[in-house]
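The block underneath contains the structure these notes are about, expressed in structure tokens.
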């Protein structure tokens, strides 16, 4: 979403350069006694400069479904459900996890079900509208949600091993910083090189998802 907006501002001559900053500190939102989120997420930040004259961003697609918002959210502590002693109280679930209504809640099975149902067809749609197949792509970078999600998507979409990239084992799920951080690491490691066509797919809280093609420079 942010990358498409930055490109639109440049393309419409409202700006010559747009610095897109994505920063996440999910450690502030989690209960360390809730094993799911506590073992998955990492804090990170990334900065992406979009400039006039660069034509390497194309074929954006965006989608959202607010009906699934409560699969991944913080229920209380804001304007709709203000903070109280009750919303701050730690409650233990049947699995022994303890969190308050002001802590991040992730319905793991529900999130994976969303990934399974939406992301494969969405990814194919971007390629089809661009007149491409997976053979025409040099590298595929998904949002680094989890090893389980990445393994599923790579297998379902038949992404060749040589075209896969992941750093989730080192940095965890860094949410909106995930894709730019993965691109940075892939370039630094020599996996991503100038001239390569990259398919990037992001998804998460909302639930929202998006993707585009990048000609790396």
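Coordinate-derived values only; no laboratory data. Computed from a prediction, not measured in an experiment: that's the story for all the values here. Please note: Cβ atoms are built from the backbone with ideal geometry, for glycine as well, and neighbour counts cover all protein chains shown.
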The chain, relative contact order in percent, only Cα pairs under 8 angstrom and at least six apart counted: 26
Taking the Cβ of each residue in 71, 197 as the centre, tally the other Cβ atoms inside 10 Å and list the residues starting with the fewest. 197, 71
Extension gain (nm, one decimal) between residue 1 and residue 59, 0.36 nm per residue minus Cα-Cα: 19.6 nm
Show me 163-172, 141-150, 45-54 ranked by packing, highest mean number of other Cβ atoms within 10 Å first. 141-150, 163-172, 45-54
Work out the FRET efficiency for residue 86 and residue 35 from their Cβ-Cβ distance, taking R0 = 25 Å, and round it to the nearest 0.05. 0.60
In whole Å, what is the distance between the alpha-carbon centres of the range 83-112 and the range 1-52? 25
Enter the angle in degrees (range 0 to 90, nearest 10) between the Cα long axis of helix 2-11 and the first principal axis of the Cα atoms of the chain, meaning the one along which they spread out most. 40
Degrees separating the helix 147-156 axis from the principal Cα axis of the chain, which is the longest one: 40
Degrees, to the nearest 10: 108-129 long Cα axis against longest axis of the chain: 20
